[in-house]
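Everything on this sheet refers to the single structure shown next.
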Amino acid sequence: NKHEFRHPMLKILYEDAYLIVVEKKEGLLSVATDHQKERTAQHILNEYVKRTHRNNRIFVVHRLDRETSGIMMYAKDEKTQHTLRDNWHDIVYDRRYVSSSPVDDGGKLSITHYRTIKRANGYSLMELQLETGRKNQIRVHMQSLGHPVVGDARYGCETDPLGRLALHAFKLCFYHPLTGERMEFETPYPAPFKNLMLRK
């Protein structure tokens, strides 16, 4: 029962015998590394399934950058992990991010699908739909167009008005690896992204 789960950086949106869908806050690593084994979403969820289930670990399917917030999923057994990983592009049919970018000339982005939701106050609020999942793909593309993601010093953004990377995975839709049922998860855009458009 997911209501036993409480964590300030992580929220369980859905859970069954095969997978867990979560929303993570910015600042939390999604996957354990050699340097950081504790305080990652993977570790926190491992502790949780150890407490509540007999099967005692979760399996990584994909990842979100530490500074990116939003929706992601983990498998609860190795078979499900392999099904999801091997068939990712058939199983996941919609994955979208929202991001803020300092924009002066409203440049077009080279990400597979994008739309500008709003442009104001020297910023653009962009919705980005991913078809490929390269490492830091959105951040690299945005930089190459001269429109880095707000707060992304690593990829050339000089402003950090929100004190965080303005990139949020707000939508994840996939076919359940076992039942084939359509699973759709969506969160609101983070309020600070919208407020950026309002500031004087």
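Every read-out reported here was derived from the displayed coordinates using simple, explicitly stated rules and does not represent laboratory data. Being a predicted model, the structure only gives us computed values, none of them experimental. Cβ sites come from the backbone with ideal geometry, for glycine too, and all protein chains shown count toward neighbours.
For the chain, the alpha carbon positions stretch 55, 32, 30 Å along the principal axes, listed from largest to smallest.
At an R0 of 25 angstrom, the distance between the Cβ atoms of Thr33 and His82 translates into a FRET efficiency of 0.70. Most tightly packed first, judged by the mean number of other beta-carbon atoms within 10 Å of their residues, the peptides 90-103, 185-198, 9-22 read 90-103, 9-22, 185-198.
Between Ala41, Ala32, Ala75, the GNM of the chain built on Cα springs shorter than 10 angstrom shows Ala32 fluctuating the most.
Cα centroids of the range 171-199 and the range 61-104: 11 Å apart. Put a dot 7 Å past the Cα of Asp94, heading toward its Cβ, do the same for Tyr175, and the two dots end up 1.6 nm apart.
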